[in-house]
Amino acid sequence: MEALIQYAAEAGFSALKDAALCDYTSFKIGGPADLLLLPQTPEHCANILRISQSEGVPLTLLGNGSNVLAPDEGLRGAVLCTAALRGIRLAGNNTVLCAAGEKLATLCSFALENSLAGLAFAYGIPGSAGGAAFMNAGAYGGEMRDVLHAVKYLTPDGTLAQLEGDALDLGYRHSAFSENGGLILALELTLQPGDKKEIRAAMDDFLTRRKTKQPLEYPSAGSVFKRPEGDYAGRLIQEAGLRGFNIGGAQVSEKHAGFIVNTGGATCADVLALVEYIQETVQLVSGVLLETEIITIKN
């Protein structure tokens, strides 16, 4: 651990001891991480991977923390958070290069300013560009695989690599990075020329829908369950009579039953207990076993 702290000091990026994970997750849940690292460049990330591997330090990868549930007891070892990897630029008329730590909203606004269409669906989705690639984020008929051409990443041993096209294995809330353990550094997106007013109108429309239908007033991790084939998790949960049901500070949102919200003081244990209760109840009522979409980080 000391080698990582020393490297961070020499390289000039933040290394925070006992950092509260609740401050780095949208759920506002999670205990202290032994060490939280905020590298600013791909080189920083590669060296962290190499040092942690050579020193035998457990390493957890974290993006913007918008689709994860962190443990109450915190995390042992080090956490590499990509939130400080920034930068967006054009690389040709319709190609955008975006660092993994940039927020999706910033990426969408950049596309708008350059009159590039194809990303309006992502406006208002919380999280980073890297997280969106990892999960193949989508909404309102669009998803990242519609625009994502290639991803630069680091293998677990710190080697720089790239996947593109079909090799990204983009499916419903899935990518190749769901299995390969890679650390996403940057995205290459192929967009289309568009009318700025039309793009702006689409972005505003999607954002208004989110504000109207989703419980943005409470901390959450977004949709908790994947969409079951031919149906919607929120509808099934509501049909099971669970709208507003709570365990501790974790509650099935009264605004959208597909969300679990932190009404104040919710713990990881509260959320996991509520998830299990929802799954059991929905399966009993409808015969459908809901599969979780959020990622539970474990030691």
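The values are calculated or read from the model by the stated rules, or taken from the named source; none is laboratory data. Note that this is a predicted model, so its numbers are computed, not measured. Note that we place each Cβ from the backbone using ideal geometry, even for glycine, and neighbour counts take in every protein chain shown. When the accessible area is computed, the model is the full protein with side chains, heavy atoms only, and any ligands, DNA or RNA have been set aside. Shrake-Rupley method; radii C 1.70, N 1.55, O 1.52, S 1.80 Å.
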- Query: Based on the Cβ-Cβ distance of Ile5 and Ser286, what FRET efficiency does E = 1/(1 + (r/R0)^6) give at R0 = 45 Å, to the nearest 0.05?
  - Reply: 0.30
- May I ask you to give the average projected area over all directions of the convex hull of the Cα atoms of region 188-299, in nm² rounded to one decimal? 9.8 nm²
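At a 10 angstrom cut-off on C-beta neighbours, averaged per residue, how do the peptides 6-19, 249-262 rank from highest to lowest? Display every interim value, and only then the final one.
Values: 6-19: 14.9, 249-262: 22.7.
Highest mean packing first, the order is 249-262, 6-19.
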- Message: Taking every alpha carbon pair in the chain, what does the distance histogram look like in 5 angstrom bins from 0, in percent?
- Response: 1, 5, 12, 15, 17, 16, 14, 11, 6, 2, 0, 0
- Can you spot the aspartates and glutamates whose alpha carbon is less than 15 Å from Lys226's alpha carbon? Ignore those fewer than 8 places along the same chain. Glu143, Glu276, Glu291, Glu293
- Item | Selection from Ile278, Thr95, Leu163, by position along the positive dipole direction of the chain (Cβ) | Thr95
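So what is the accessible area of the chain per residue, in Å², with the probe set to 1.4 Å?
Numbers: 13470 Å² over 299 residues.
Computed with neighbouring chains in place, this is 45 Å² per residue.
When N counts the residues of region 203-257, how does its alpha-carbon radius of gyration compare numerically with 2.2 N^0.38 Å, as a ratio? Provide the component values of the computation, followed by the final result.
Values: Rg = 12.1 Å, N = 55, 2.2 N^0.38 = 10.1 Å.
Expressed relative to 2.2 N^0.38 Å, the Cα Rg reads 1.20.
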- Could you give P(r) for region 163-249, binned at 5 Å from zero, as whole percent values over all Cα-Cα pairs? 2, 8, 12, 15, 15, 18, 17, 8, 4, 0
- Note on the structure: Each label sits 7 Å from Cα toward the beta-carbon; between Thr212 and Thr41 the label points are separated, in nm, by 4.8 nm
- Note on the structure: Dividing the mean separation of Cα pairs under 8 Å (6+ apart) by the residue count of region 167-270 yields a relative contact order in percent of 21 percent
- Item | Rough spin-label spacing in nm, given labels placed 7 Å along Cα→Cβ, for Ala269 and Asp169 | 3.6 nm
- Item | Dipole moment magnitude, nearest 20 debye, region 99-186 about Cα centre, only Lys, Arg, Asp, Glu C-beta charged | 200 debye
- Determine the calculated [θ] at 222 nm for the chain from helices alone, applying -39500 (n - 2.57) to every DSSP H run no shorter than 4 residues and normalising by the residue count; nearest 500 deg cm²/dmol. -9000 deg cm²/dmol
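If you average 1/r over every pair of different alpha-carbon atoms in region 31-121 and take one over that average, what Kirkwood value in Å do you get? Could the numbers behind the result be given before it?
On the way: mean 1/r = 0.0667 Å⁻¹.
The Cα-based Kirkwood calculation yields 15.0 Å.
Nothing charged except the Cβ atoms of Lys and Arg (+1) and of Asp and Glu (-1): what's the magnitude of the dipole of region 8-124 about its Cα centre? Round to the nearest 20 debye. Intermediate results must be reported in sequence, preceding the final value.
Values: 7 positive and 10 negative charges, 56 e Å.
Rounded to the nearest 20 debye, it is 260 debye.
With charges set only on the Cβ (+1 for Lys and Arg, -1 for Asp and Glu), what does the dipole of the chain come to about its Cα centre, in debye to the nearest 20? Can you show the working numbers first?
Numbers: 23 positive and 33 negative charges, 149 e Å.
Charge dipole of the chain: 720 debye, to the nearest 20.
Region 127-277: D in µm²/s via Stokes-Einstein (Kirkwood Rh, Cα pairs, 4 °C, 1.567 mPa s)? If you can, show how the numbers build up before the last one.
Working: Rh = 17.6 Å.
After rounding, the answer is 74 µm²/s.
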- Query: Is there a pair in Lys28/Lys103; Lys152/Lys196; Lys28/Lys152; Lys197/Lys255; Lys103/Lys211; Lys103/Lys152 whose C-alpha atoms are over 20 Å apart, and which pairs would that be?
  - Reply: Lys152/Lys196; Lys28/Lys152; Lys197/Lys255
- Query: Farthest toward the dipole's positive end in region 209-299, which of Thr296, Ile247, Phe259, given Cβ charges of +1 (Lys, Arg) and -1 (Asp, Glu) about the Cα centre?
  - Reply: Phe259
- Message: If each residue of separation counts as 0.36 nm, what is the full-extension length gain between Asn180 and Asp231 once their alpha-carbon separation is subtracted?
- Response: 15.3 nm
- Sequence-distant residues sharing a close amide H with Thr60 (under 5 Å, placed H): Ala78, Val79, Leu80
- Dipole-positive endmost among Ala8, Gly124, Ser66 within the chain (Cβ charges, Cα centre): Gly124
- Note on the structure: antiparallel share of DSSP beta bridges within region 15-84, to nearest 5, in %, is 40 percent
- What Kirkwood radius, in Å to one decimal, follows from the Cα pairs of region 107-165? 12.6 Å
- What number, in percent, do you get for the relative contact order of the chain if the mean sequence gap of Cα pairs under 8 Å and at least 6 apart is divided by its residue count? 17 percent
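Within the chain, which complete DSSP H helices have Cα atoms spanning at least 15 Å along the helix axis and a mean Kyte-Doolittle hydropathy of -0.5 or higher?
Details: long enough: 42-55 (20 Å, -0.56); 196-213 (26 Å, -1.36); 268-286 (27 Å, 0.97).
Taking the DSSP H segments of the chain (at least 15 Å long, mean hydropathy at least -0.5), we get 268-286.
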- Message: Can you tell me which aspartates and glutamates have their Cα less than 15 Å from the Cα of Lys298? Leave out same-chain residues fewer than eight positions away.
- Response: Asp34, Asp72, Glu73
